[in-house]
Amino acid sequence: PTDACLLEAPLLTGVAMDQVLEKFIADFEAGMKRLSLISAHDAMIILRSCLGAPKLTYVLRSSPCAGHSALNRYDILLRGALCRLFNICLSDDQWLQASLPIRMGGLGIRSVSHLAPSAFLASAAMTHELQDRIFSNAILPDDSDVFRIQEIWSSLSGIHDLAEIATLQSQASWDSVICLQLFNSIMTNMTDIADRARLKAVSAEHSSDWLYALPLSACGLRLDDESVRISVGLRLGAKLCEPHTCPCGSQVDSYGLHGLSCKKSSGRASRHNYLNDIIWRALTRAGVPSVKEPTGLSRSDGKRPDGLTLIPWDLGKCTTWDVTVTDTMAASYVQNSSHIAGFAAEKAAERKVLKYTELSTSYNFIPIAFETLGPPNSSGSDFIKEIGSRMRARMEDVRESSY
(Lines give C-alpha, C1' and ligand atoms only; values in the text may rest on other atoms or scores of the structure.)
Protein backbone atom coordinates (compact mmCIF):
# COMPACT_ATOMS: atom_id res chain seq x y z
CA PRO A 1 0.00 0.00 0.00
CA THR A 2 2.86 2.43 0.62
CA ASP A 3 3.78 2.12 -3.08
CA ALA A 4 0.20 2.59 -4.33
CA CYS A 5 -1.53 5.64 -5.84
CA LEU A 6 -5.23 6.08 -6.55
CA LEU A 7 -6.04 8.68 -9.21
CA GLU A 8 -2.45 9.95 -8.87
CA ALA A 9 -2.81 10.52 -5.12
CA PRO A 10 -0.58 8.35 -2.87
CA LEU A 11 -2.57 6.25 -0.41
CA LEU A 12 -0.10 6.28 2.47
CA THR A 13 3.19 7.76 3.57
CA GLY A 14 5.95 5.90 1.79
CA VAL A 15 7.69 5.48 -1.55
CA ALA A 16 4.72 6.63 -3.64
CA MET A 17 4.29 9.84 -1.65
CA ASP A 18 8.02 10.58 -1.84
CA GLN A 19 7.95 10.19 -5.62
CA VAL A 20 4.82 12.30 -6.12
CA LEU A 21 6.09 15.19 -3.99
CA GLU A 22 9.53 15.07 -5.59
CA LYS A 23 7.86 15.40 -8.99
CA PHE A 24 5.97 18.48 -7.80
CA ILE A 25 9.23 20.00 -6.57
CA ALA A 26 10.93 19.33 -9.92
CA ASP A 27 7.96 20.79 -11.82
CA PHE A 28 7.99 23.89 -9.61
CA GLU A 29 11.71 24.47 -10.20
CA ALA A 30 11.15 24.23 -13.96
CA GLY A 31 8.15 26.55 -13.74
CA MET A 32 10.10 29.17 -11.81
CA LYS A 33 12.72 29.37 -14.57
CA ARG A 34 9.96 30.25 -17.02
CA LEU A 35 8.17 32.55 -14.58
CA SER A 36 11.25 34.73 -14.28
CA LEU A 37 10.95 35.55 -18.00
CA ILE A 38 7.71 37.54 -17.59
CA SER A 39 6.88 40.71 -15.65
CA ALA A 40 6.78 40.58 -11.86
CA HIS A 41 3.11 41.56 -11.70
CA ASP A 42 2.02 38.73 -14.01
CA ALA A 43 4.34 36.30 -12.23
CA MET A 44 2.86 37.21 -8.83
CA ILE A 45 -0.68 36.46 -10.03
CA ILE A 46 0.34 33.13 -11.59
CA LEU A 47 2.38 32.07 -8.55
CA ARG A 48 -0.49 32.84 -6.18
CA SER A 49 -3.30 31.38 -8.28
CA CYS A 50 -1.74 28.49 -10.20
CA LEU A 51 1.88 27.58 -9.66
CA GLY A 52 2.38 27.62 -5.89
CA ALA A 53 0.14 25.94 -3.30
CA PRO A 54 -2.78 25.46 -5.77
CA LYS A 55 -0.68 22.90 -7.65
CA LEU A 56 -0.60 20.72 -4.53
CA THR A 57 -4.18 21.19 -3.34
CA TYR A 58 -5.50 17.90 -4.73
CA VAL A 59 -2.70 15.85 -3.16
CA LEU A 60 -2.91 17.76 0.14
CA ARG A 61 -6.63 16.94 0.40
CA SER A 62 -6.35 13.34 -0.82
CA SER A 63 -3.18 12.10 0.89
CA PRO A 64 -1.88 12.29 4.48
CA CYS A 65 1.24 14.20 3.51
CA ALA A 66 1.10 16.85 6.27
CA GLY A 67 4.41 16.89 8.10
CA HIS A 68 6.34 15.44 5.14
CA SER A 69 9.83 16.91 4.73
CA ALA A 70 9.22 17.55 1.02
CA LEU A 71 6.60 20.18 1.91
CA ASN A 72 9.24 22.15 3.82
CA ARG A 73 11.48 22.00 0.76
CA TYR A 74 8.60 23.23 -1.39
CA ASP A 75 8.17 26.18 1.00
CA ILE A 76 11.88 26.99 0.72
CA LEU A 77 11.48 27.10 -3.06
CA LEU A 78 8.42 29.35 -2.72
CA ARG A 79 10.34 31.74 -0.47
CA GLY A 80 13.24 31.80 -2.91
CA ALA A 81 10.82 32.43 -5.77
CA LEU A 82 9.43 35.51 -4.00
CA CYS A 83 12.91 36.89 -3.36
CA ARG A 84 13.88 36.33 -7.00
CA LEU A 85 10.69 37.69 -8.58
CA PHE A 86 10.47 40.80 -6.41
CA ASN A 87 14.20 41.38 -5.99
CA ILE A 88 13.95 41.64 -2.20
CA CYS A 89 15.44 39.68 0.70
CA LEU A 90 12.87 38.22 3.13
CA SER A 91 13.50 37.45 6.78
CA ASP A 92 11.67 34.58 8.50
CA ASP A 93 8.94 36.90 9.83
CA GLN A 94 8.53 38.59 6.46
CA TRP A 95 8.16 35.24 4.70
CA LEU A 96 5.61 34.22 7.34
CA GLN A 97 3.63 37.40 6.65
CA ALA A 98 3.88 36.89 2.88
CA SER A 99 2.39 33.40 3.29
CA LEU A 100 -0.73 34.75 5.01
CA PRO A 101 -3.97 35.40 3.09
CA ILE A 102 -4.20 38.83 1.47
CA ARG A 103 -6.92 39.97 3.88
CA MET A 104 -4.47 39.44 6.76
CA GLY A 105 -1.70 41.51 5.24
CA GLY A 106 0.04 38.73 3.31
CA LEU A 107 0.52 38.12 -0.39
CA GLY A 108 -1.74 35.07 -0.51
CA ILE A 109 1.20 32.87 -1.59
CA ARG A 110 0.48 30.17 0.94
CA SER A 111 2.93 27.93 2.75
CA VAL A 112 2.05 24.34 1.84
CA SER A 113 3.31 23.13 5.24
CA HIS A 114 0.73 25.30 6.98
CA LEU A 115 -2.02 24.53 4.47
CA ALA A 116 -1.62 20.72 4.41
CA PRO A 117 -3.25 19.83 7.78
CA SER A 118 -6.35 21.95 7.10
CA ALA A 119 -6.76 20.54 3.59
CA PHE A 120 -6.59 16.91 4.71
CA LEU A 121 -8.78 17.30 7.83
CA ALA A 122 -11.48 19.13 5.88
CA SER A 123 -11.46 16.39 3.27
CA ALA A 124 -11.59 13.69 5.95
CA ALA A 125 -14.57 15.34 7.65
CA MET A 126 -16.38 15.79 4.33
CA THR A 127 -16.01 12.11 3.40
CA HIS A 128 -16.58 10.62 6.86
CA GLU A 129 -20.28 9.88 6.34
CA LEU A 130 -19.59 8.31 2.94
CA GLN A 131 -16.92 6.08 4.46
CA ASP A 132 -19.38 4.90 7.13
CA ARG A 133 -21.91 3.97 4.46
CA ILE A 134 -19.31 2.12 2.38
CA PHE A 135 -18.03 0.05 5.29
CA SER A 136 -21.50 -0.39 6.79
CA ASN A 137 -21.21 -2.01 10.23
CA ALA A 138 -17.67 -3.26 9.84
CA ILE A 139 -15.42 -2.75 12.85
CA LEU A 140 -12.41 -0.80 11.65
CA PRO A 141 -9.39 0.57 13.50
CA ASP A 142 -9.17 4.33 14.04
CA ASP A 143 -7.53 6.25 11.23
CA SER A 144 -4.06 6.92 12.60
CA ASP A 145 -3.27 9.44 9.87
CA VAL A 146 -6.21 11.62 10.88
CA PHE A 147 -5.10 11.66 14.52
CA ARG A 148 -1.50 12.38 13.53
CA ILE A 149 -2.51 15.30 11.34
CA GLN A 150 -4.89 16.62 14.00
CA GLU A 151 -1.88 16.88 16.30
CA ILE A 152 0.03 18.83 13.63
CA TRP A 153 -2.97 21.13 13.19
CA SER A 154 -3.22 21.66 16.95
CA SER A 155 0.46 22.61 17.20
CA LEU A 156 -0.03 25.24 14.47
CA SER A 157 -3.36 26.61 15.72
CA GLY A 158 -2.80 26.40 19.47
CA ILE A 159 -6.18 24.63 19.87
CA HIS A 160 -6.04 21.16 21.42
CA ASP A 161 -9.72 20.45 22.04
CA LEU A 162 -11.07 19.54 18.60
CA ALA A 163 -14.50 18.37 19.74
CA GLU A 164 -16.33 21.37 18.28
CA ILE A 165 -14.45 21.67 14.99
CA ALA A 166 -13.55 18.07 14.09
CA THR A 167 -16.63 17.81 11.85
CA LEU A 168 -16.04 21.05 9.90
CA GLN A 169 -16.07 20.27 6.18
CA SER A 170 -14.77 23.61 4.90
CA GLN A 171 -11.03 23.87 4.34
CA ALA A 172 -11.24 27.63 4.86
CA SER A 173 -12.72 27.08 8.35
CA TRP A 174 -9.75 24.95 9.41
CA ASP A 175 -7.21 27.15 7.67
CA SER A 176 -8.50 30.49 8.99
CA VAL A 177 -7.79 29.38 12.57
CA ILE A 178 -4.13 28.68 11.75
CA CYS A 179 -3.81 31.93 9.79
CA LEU A 180 -5.25 33.97 12.66
CA GLN A 181 -2.83 32.30 15.07
CA LEU A 182 0.10 33.12 12.78
CA PHE A 183 -1.09 36.72 12.34
CA ASN A 184 -1.40 37.21 16.11
CA SER A 185 2.02 35.62 16.61
CA ILE A 186 3.61 38.03 14.13
CA MET A 187 1.86 40.99 15.76
CA THR A 188 2.90 39.89 19.25
CA ASN A 189 6.55 39.48 18.24
CA MET A 190 6.70 43.00 16.78
CA THR A 191 8.31 45.33 19.28
CA ASP A 192 8.60 48.33 16.95
CA ILE A 193 5.41 50.44 16.73
CA ALA A 194 6.24 51.23 13.10
CA ASP A 195 6.06 47.52 12.23
CA ARG A 196 2.78 47.15 14.11
CA ALA A 197 1.35 50.17 12.31
CA ARG A 198 2.46 48.71 8.97
CA LEU A 199 0.83 45.33 9.59
CA LYS A 200 -2.38 46.97 10.87
CA ALA A 201 -2.54 49.18 7.79
CA VAL A 202 -1.91 46.51 5.14
CA SER A 203 -4.49 44.18 6.73
CA ALA A 204 -7.19 46.88 6.83
CA GLU A 205 -10.22 46.73 4.55
CA HIS A 206 -9.49 47.75 0.93
CA SER A 207 -5.77 48.38 1.56
CA SER A 208 -4.95 45.17 -0.34
CA ASP A 209 -7.30 45.63 -3.30
CA TRP A 210 -4.35 46.24 -5.64
CA LEU A 211 -3.28 42.62 -5.16
CA TYR A 212 -6.58 41.42 -6.61
CA ALA A 213 -6.37 43.65 -9.70
CA LEU A 214 -5.56 41.75 -12.88
CA PRO A 215 -2.55 43.23 -14.72
CA LEU A 216 -4.50 44.68 -17.66
CA SER A 217 -2.50 47.36 -19.48
CA ALA A 218 -5.57 48.67 -21.31
CA CYS A 219 -7.17 49.53 -17.96
CA GLY A 220 -4.00 51.01 -16.47
CA LEU A 221 -3.74 48.15 -13.98
CA ARG A 222 -0.29 46.79 -14.81
CA LEU A 223 2.59 47.68 -12.48
CA ASP A 224 6.17 47.75 -13.72
CA ASP A 225 8.73 45.54 -11.96
CA GLU A 226 10.17 48.33 -9.82
CA SER A 227 6.70 49.40 -8.63
CA VAL A 228 5.95 45.81 -7.67
CA ARG A 229 9.27 45.56 -5.79
CA ILE A 230 8.57 48.71 -3.79
CA SER A 231 4.90 47.85 -3.17
CA VAL A 232 5.70 44.36 -1.90
CA GLY A 233 8.71 45.60 0.08
CA LEU A 234 6.66 48.28 1.83
CA ARG A 235 3.92 45.77 2.59
CA LEU A 236 6.31 43.25 4.16
CA GLY A 237 8.72 45.72 5.75
CA ALA A 238 11.66 44.58 3.64
CA LYS A 239 14.78 46.64 2.99
CA LEU A 240 14.47 48.62 -0.24
CA CYS A 241 17.61 50.76 -0.54
CA GLU A 242 20.92 51.72 1.01
CA PRO A 243 20.80 54.39 3.76
CA HIS A 244 21.54 57.82 2.30
CA THR A 245 20.81 61.52 2.65
CA CYS A 246 17.72 62.89 0.89
CA PRO A 247 18.02 66.17 -1.09
CA CYS A 248 15.78 67.70 1.57
CA GLY A 249 18.49 66.99 4.15
CA SER A 250 16.74 64.16 5.98
CA GLN A 251 18.32 60.76 6.50
CA VAL A 252 16.74 57.90 4.56
CA ASP A 253 16.99 54.47 6.16
CA SER A 254 17.14 51.14 4.33
CA TYR A 255 13.34 50.81 4.36
CA GLY A 256 12.89 53.92 2.20
CA LEU A 257 9.78 55.21 4.00
CA HIS A 258 10.93 58.83 3.93
CA GLY A 259 10.21 59.08 0.22
CA LEU A 260 6.48 58.64 0.83
CA SER A 261 6.21 61.92 2.74
CA CYS A 262 9.23 63.98 1.64
CA LYS A 263 8.16 67.51 0.68
CA LYS A 264 10.65 67.50 -2.19
CA SER A 265 9.41 64.22 -3.61
CA SER A 266 8.35 64.68 -7.23
CA GLY A 267 5.80 61.90 -6.87
CA ARG A 268 3.51 63.64 -4.38
CA ALA A 269 1.88 66.04 -6.83
CA SER A 270 1.57 63.48 -9.63
CA ARG A 271 0.11 60.93 -7.20
CA HIS A 272 -2.54 63.42 -6.07
CA ASN A 273 -3.39 64.50 -9.62
CA TYR A 274 -3.63 60.90 -10.81
CA LEU A 275 -6.00 59.92 -7.99
CA ASN A 276 -8.17 62.96 -8.67
CA ASP A 277 -8.22 62.14 -12.37
CA ILE A 278 -9.39 58.57 -11.64
CA ILE A 279 -12.36 59.91 -9.63
CA TRP A 280 -13.24 62.41 -12.34
CA ARG A 281 -13.07 59.84 -15.14
CA ALA A 282 -15.11 57.32 -13.15
CA LEU A 283 -17.85 59.90 -12.52
CA THR A 284 -17.95 60.73 -16.22
CA ARG A 285 -18.28 57.04 -17.07
CA ALA A 286 -21.07 56.73 -14.51
CA GLY A 287 -22.99 59.46 -16.35
CA VAL A 288 -22.31 62.18 -13.80
CA PRO A 289 -20.61 65.16 -15.51
CA SER A 290 -18.12 66.89 -13.26
CA VAL A 291 -15.33 69.44 -13.32
CA LYS A 292 -11.96 69.46 -11.62
CA GLU A 293 -10.90 72.38 -9.38
CA PRO A 294 -14.13 74.35 -9.88
CA THR A 295 -14.03 78.15 -9.65
CA GLY A 296 -16.62 80.35 -7.97
CA LEU A 297 -17.32 78.23 -4.89
CA SER A 298 -17.59 80.29 -1.72
CA ARG A 299 -14.34 80.07 0.19
CA SER A 300 -12.99 83.01 2.13
CA ASP A 301 -9.37 82.03 1.44
CA GLY A 302 -9.94 81.32 -2.26
CA LYS A 303 -8.95 77.65 -2.05
CA ARG A 304 -10.87 75.21 -4.19
CA PRO A 305 -11.81 71.55 -3.72
CA ASP A 306 -10.54 69.01 -6.23
CA GLY A 307 -13.83 68.46 -8.01
CA LEU A 308 -17.54 69.20 -8.31
CA THR A 309 -20.38 67.25 -9.89
CA LEU A 310 -22.42 69.41 -12.29
CA ILE A 311 -25.68 67.62 -11.52
CA PRO A 312 -27.14 66.73 -8.11
CA TRP A 313 -25.60 63.65 -6.50
CA ASP A 314 -27.77 63.20 -3.41
CA LEU A 315 -30.71 65.03 -1.78
CA GLY A 316 -30.80 67.49 -4.66
CA LYS A 317 -27.28 68.76 -3.93
CA CYS A 318 -24.19 68.60 -6.08
CA THR A 319 -21.16 66.96 -4.50
CA THR A 320 -17.68 68.35 -4.10
CA TRP A 321 -14.72 66.15 -3.25
CA ASP A 322 -11.12 66.61 -2.24
CA VAL A 323 -8.38 64.01 -2.47
CA THR A 324 -5.46 63.69 -0.08
CA VAL A 325 -2.78 61.11 0.72
CA THR A 326 -1.26 60.91 4.17
CA ASP A 327 1.69 58.87 5.41
CA THR A 328 0.79 55.94 7.66
CA MET A 329 4.26 55.98 9.20
CA ALA A 330 4.49 59.72 9.89
CA ALA A 331 5.74 60.47 13.40
CA SER A 332 2.46 62.18 14.29
CA TYR A 333 0.38 59.14 13.31
CA VAL A 334 2.47 56.02 13.86
CA GLN A 335 1.63 55.60 17.56
CA ASN A 336 -2.13 55.58 16.94
CA SER A 337 -1.80 53.71 13.64
CA SER A 338 -0.15 50.85 15.53
CA HIS A 339 -3.45 50.37 17.40
CA ILE A 340 -6.13 51.52 14.93
CA ALA A 341 -5.97 50.61 11.25
CA GLY A 342 -6.77 53.59 9.02
CA PHE A 343 -6.27 56.17 11.78
CA ALA A 344 -4.19 58.51 9.61
CA ALA A 345 -6.74 58.46 6.77
CA GLU A 346 -9.63 59.30 9.08
CA LYS A 347 -7.69 62.17 10.68
CA ALA A 348 -6.82 63.57 7.26
CA ALA A 349 -10.49 63.35 6.26
CA GLU A 350 -11.53 65.23 9.41
CA ARG A 351 -9.14 68.05 8.54
CA LYS A 352 -10.58 68.26 5.03
CA VAL A 353 -14.13 68.51 6.42
CA LEU A 354 -13.08 71.39 8.69
CA LYS A 355 -11.26 73.09 5.83
CA TYR A 356 -14.34 73.10 3.60
CA THR A 357 -17.00 73.69 6.27
CA GLU A 358 -18.33 76.75 4.41
CA LEU A 359 -19.32 74.58 1.43
CA SER A 360 -21.42 72.13 3.43
CA THR A 361 -24.53 74.35 3.40
CA SER A 362 -24.80 74.34 -0.40
CA TYR A 363 -23.01 71.12 -1.40
CA ASN A 364 -22.34 67.61 -0.22
CA PHE A 365 -18.64 67.48 0.63
CA ILE A 366 -16.79 64.14 0.47
CA PRO A 367 -13.19 63.88 1.71
CA ILE A 368 -11.25 61.10 -0.07
CA ALA A 369 -8.21 60.26 2.02
CA PHE A 370 -5.77 57.42 1.41
CA GLU A 371 -2.85 56.27 3.50
CA THR A 372 0.44 55.47 1.80
CA LEU A 373 0.09 51.85 2.93
CA GLY A 374 -3.41 51.52 1.56
CA PRO A 375 -6.35 52.15 3.91
CA PRO A 376 -8.91 54.73 2.71
CA ASN A 377 -11.21 56.72 4.98
CA SER A 378 -14.72 55.32 5.41
CA SER A 379 -16.71 58.12 3.72
CA GLY A 380 -14.31 58.22 0.76
CA SER A 381 -14.56 54.44 0.40
CA ASP A 382 -18.37 54.64 0.41
CA PHE A 383 -18.25 57.36 -2.27
CA ILE A 384 -16.03 55.22 -4.51
CA LYS A 385 -18.34 52.22 -4.03
CA GLU A 386 -21.34 54.34 -5.04
CA ILE A 387 -19.52 55.52 -8.17
CA GLY A 388 -18.81 51.88 -9.02
CA SER A 389 -22.46 50.98 -8.47
CA ARG A 390 -23.61 53.74 -10.83
CA MET A 391 -21.03 52.69 -13.42
CA ARG A 392 -22.38 49.14 -13.36
CA ALA A 393 -25.95 50.36 -13.72
CA ARG A 394 -25.16 52.66 -16.63
CA MET A 395 -22.84 50.34 -18.55
CA GLU A 396 -24.78 47.18 -17.65
CA ASP A 397 -21.52 45.37 -16.96
CA VAL A 398 -20.93 43.80 -13.54
CA ARG A 399 -17.15 44.14 -14.04
CA GLU A 400 -17.17 47.94 -14.28
CA SER A 401 -16.50 48.57 -10.59
CA SER A 402 -13.58 46.11 -10.56
CA TYR A 403 -11.86 48.14 -13.31
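Each 10 Å bin from zero up to the one holding the largest Cα-Cα distance in segment 348-403 carries the following percent of pairs: 22, 38, 29, 10.
Going by a ≥ b ≥ c, the root eigenvalues of the Cα gyration tensor, does segment 268-403 fall in the rounded group (a/c under 1.5), the prolate group (a/b larger than b/c) or the oblate group? Because a/c hits 1.5 or more and a/b fails to exceed b/c, segment 268-403 counts as oblate.
Compared with the dominant Cα axis of the chain, that is its longest principal axis, helix 144-157 is turned about 30°.
By the helix-only formula, in which each DSSP H run with n ≥ 4 contributes -39500 (n - 2.57) and the sum is divided by residues, the chain has a 222 nm mean residue ellipticity of -15500 deg cm²/dmol. Normalised by residue count, segment 254-339 yields a Cα convex hull volume of 171 Å³ per residue. Rolling a 1.4 Å probe across the protein heavy atoms gives the chain an accessible surface of 52 Å² per residue. Separation of segment 278-297 from segment 157-205 is 42 Å, based on Cα centroids.
Axis angle, to the nearest 10 degrees, between helix 69-86 and the longest C-alpha principal axis of the chain: 20 degrees. Under 15 Å of direct C-alpha separation, and excluding same-chain neighbours fewer than eight residues apart, Lys263 reaches these aspartates and glutamates: Asp327.
Restricting the calculation to Cα atoms, segment 49-99 shows an Rg/Rh of 1.01 when the hydrodynamic-style radius is the Kirkwood one.
Measuring between alpha carbons in the structure, the pairs from Lys303/Lys355; Lys264/Lys292; Lys317/Lys347; Lys200/Lys352 lying more than 21 angstrom apart are Lys264/Lys292; Lys317/Lys347; Lys200/Lys352. Computed from Cα atoms, the angle from the helix 267-285 axis to the main principal axis of the chain rounds to 90 degrees.
When the solvent-accessible area of segment 101-205 is split by element, carbon and sulfur atoms take up 53 percent of it, the probe being 1.4 Å. From the Cα gyration tensor of segment 72-228, with a ≥ b ≥ c the square roots of its eigenvalues, which class applies: rounded if a/c is under 1.5, or else prolate if a/b is larger than b/c, or else oblate? Judged from the Cα gyration tensor, segment 72-228 comes out prolate (a/c at least 1.5, a/b above b/c). Note on Cα extents along the principal axes in Å: of the candidates (1) 63, 58, 42; (2) 85, 51, 40; (3) 64, 55, 54, the value calculated from this structure sits at (2). Can you classify segment 214-284 as rounded, prolate or oblate using the Cα gyration tensor, where a ≥ b ≥ c are the square roots of its eigenvalues, rounded means a/c under 1.5, and otherwise it's prolate if a/b beats b/c and oblate if not? Since a/c reaches 1.5 but b/c is at least a/b, the shape of segment 214-284 is classed as oblate. Our summary of shape: the Cα atoms of segment 1-96 have principal axis extents of 44, 26, 18 Å, ordered from largest down, in whole angstrom.
Within the same chain, lysines fewer than 8 places from Lys33 are excluded, and of the rest, those with a Cα less than 29 Å from its Cα are Lys23, Lys55, Lys239. Reported to the nearest whole Å, the Cα centre-to-centre distance from segment 72-112 to segment 333-403 is 31. Only alpha carbons enter this Debye calculation for segment 124-204, each as an equal point scatterer, and the log10 of I(q)/I(0) it gives at q = 0.19, 0.25 Å⁻¹ is -0.91, -1.21.
The values are calculated or read from the model by the stated rules, or taken from the named source; none is laboratory data. It should be emphasised that the depicted structure is a prediction, and the values quoted were computed from it without experimental measurement. Accessible surface is based on the protein model in full, side chains and every heavy atom, while ligands, DNA and RNA are left aside. Shrake-Rupley method; radii C 1.70, N 1.55, O 1.52, S 1.80 Å.
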